[in-house]
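The values are calculated or read from the model by the stated rules, or taken from the named source; none is laboratory data. Keep in mind that this is a model prediction, so the values were computed, not measured. Note that we place each Cβ from the backbone using ideal geometry, even for glycine, and neighbour counts take in every protein chain shown.
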Amino acid sequence: MSRTSADTAKLVSDRILDQVNGGAISVLGVATGSSPSAVYLELAAAESKLIRHLEVFALDEYVGLNHWNEASYHAVVEEQISKPLRLDPAKVHVPDGMAVDLDKAAGDYESQLNHAGGVDFQILGIGSNGHIAFNEPGSAFHSRTRAVDLSETTRKDNARFFKTLNDVPSQAITQGIGTVMDAATIVLIAIGEEKAKAVARALQGPINTDSPASALRNHPDVTFVLDRASGSALNRKQMPLASQKW
Ligand code: GLP
């Protein structure tokens with residue numbers, strides 16, 4: 001656990017840069033949302049030539065938002081990641097929420113991931129209800145990329161990126177929990193008190209589909225990077241020893 005959101009961003013970006021420079025990461029999985037955005041700023045500031053060669057996969061996209069809509073994850077990935085990191089647009093992938101056939105788009109996305117050889121390092125955020133990507137509570141741990149309905153909690157949480165709550169789409173296309181779990185290394189970043197309960201349930205509650213992020217405890221190489229506020233509901237006496245790793 002680190003003190004501030006700036007500390008968390010530095011911690012994660014240093015880890016990514018080390019691994020990219022050491023040749024351990026060629027495919028980076030990226031999350032949208034406010035928690036990881038400082039990581040992308042740090043990565044851009046590093047001006048690493050190797051970063052520019054990365055292949056990047058986003059976790060999810062809203063259904064029915066045009067790609068030029070600034071709230072779409074296509075637009076967010078372009079503004080916060082592709083442009084500042086000067087990535088090759090042909091190597092940046094975001095699920096197609098405008099597809100007429102969403103099942104086909106989901107299957108195609110899985111194929112693109114497989115073709116790239118899978119994600120080496122996945123950056124994740126967490127929803128206040130414990131969702132990862134857009135896998136809402138109840139999502140199967142073996143789920144793959146698919147179209148999903150968004151919960152009212154998630155729509156309300158994300159309304160800050162839209163003019164009104166009505167503008168928030170009610171569906172998304174998302175990597176499944178099983179897809180996310182295929183990444184070799186996963187780092188979940190949580191910032192702010194509104195994430196505290198979800199973080200405590202994920203790390204110290206039962207591992208079940210009520211808490212999608214709890215699935216991560218079955219992953220061999222996962223790290224939660226927390227600021228003080230998002231870690232405030234954890235029972236310190238139960239903290240796993242691995243929490244000292246970073
Ligand atoms: C959205 C995204 C998630 C993200 C979550 C938290 O729902 N689909 O991938 O983890 O928001 O975002 P934030 O970091 O802005 O709280």
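When only residues in region 178-190 that are surrounded by fewer than 24 Cβ atoms within 10 Å (Cβ to Cβ) and of a type in the set (Val, Ile, Thr) count, which is nearest to residue 37 (Cα to Cα)?
Checking each candidate, the answer is 186.
Hey, among the residues in region 79-93 that are in contact (Cβ under 8 Å) with a residue 24 or more places away in the chain and within 14 Å of residue 33 (Cβ to Cβ), which one's farthest from the ligand (Cβ to nearest atom)?
Residues of region 79-93 that are in contact (Cβ under 8 Å) with a residue 24 or more places away in the chain, as a first pass: 80-82, 84-88, 91-93.
Now drop any that are not within 14 Å of residue 33 (Cβ to Cβ), which leaves 80-81.
On the way: 80: 11, 81: 13 Å.
Here the answer is 81.
Can you pull out the residues in region 30-55 that are closer than 15 Å to residue 83 by Cβ and of a type in the set (Val, Ile, Thr)?
In the first step, residues of region 30-55 are kept if they are closer than 15 Å to residue 83 by Cβ; the result is 30, 32, 37, 40-41, 43-45, 47, 51-52, 54.
30, 32, 51 - these are the residues of region 30-55 that are closer than 15 Å to residue 83 by Cβ and of a type in the set (Val, Ile, Thr).
Would it be correct to say that residue 11 is under 21 Å from residue 227 (Cβ atoms), modelled with pLDDT of 95 or more and part of a helix (DSSP H, G or I)? Before you say what the answer is, go through the steps one by one.
Details: under 21 Å from residue 227 (Cβ atoms): yes; modelled with pLDDT of 95 or more: no; part of a helix (DSSP H, G or I): yes.
When the stated conditions are applied, residue 11 does not pass them.
Answer yes or no as to whether residue 111 is more than 15 Å from the ligand (Cβ to nearest atom), surrounded by fewer than 18 Cβ atoms within 10 Å (Cβ to Cβ) and at negative phi.
Judged against the criteria, residue 111 is a match.
Inside region 14-47, can you point out the residues that are more than 16 Å from the ligand (Cβ to nearest atom) and crowded, with 21+ Cβ neighbours inside 10 Å?
16, 20, 25, 43
Considering 170, 143, which residue is small (Gly, Ala, Ser), touching a Gly at 6+ places or on another chain (Cβ under 7 Å) and either within 13 Å of the ligand (Cβ to nearest atom) or modelled with pLDDT of 95 or more (or both)?
Numbers: 170 fails: touching a Gly at 6+ places or on another chain (Cβ under 7 Å).
One residue alone meets the criteria, 143.
Does residue 76 fit the bill of being within 11 Å of the ligand (Cβ to nearest atom), assigned to a strand (DSSP E or B) and not polar (S, T, N, Q)? Reasoning before the result, please.
Working: within 11 Å of the ligand (Cβ to nearest atom): yes; assigned to a strand (DSSP E or B): no; not polar (S, T, N, Q): yes.
In short, no.
Picking from 120, 101, 96, which residue would you name as being at pLDDT 95 or above, more than 10 Å from the ligand (Cβ to nearest atom), loosely packed, with under 15 Cβ neighbours inside 10 Å and not aliphatic (A, V, I, L, M)? Lay out the reasoning, then the answer.
Values: 120 fails: loosely packed, with under 15 Cβ neighbours inside 10 Å; 96 fails: loosely packed, with under 15 Cβ neighbours inside 10 Å.
The conditions single out 101.
Of all residues in region 212-244, how many are in a helix (DSSP H, G or I), at pLDDT below 95 and exposed (fewer than 13 other Cβ atoms within 10 Å of the Cβ)? Full working, then the answer.
Quick first cut of region 212-244, residues in a helix (DSSP H, G or I) only: 212-218, 236-238, 241-244.
Subset that is at pLDDT below 95: 236-238, 241-244.
Filter once more, keeping what is exposed (fewer than 13 other Cβ atoms within 10 Å of the Cβ): 236-238, 241-242, 244.
Of the residues in that region, 6 qualify.
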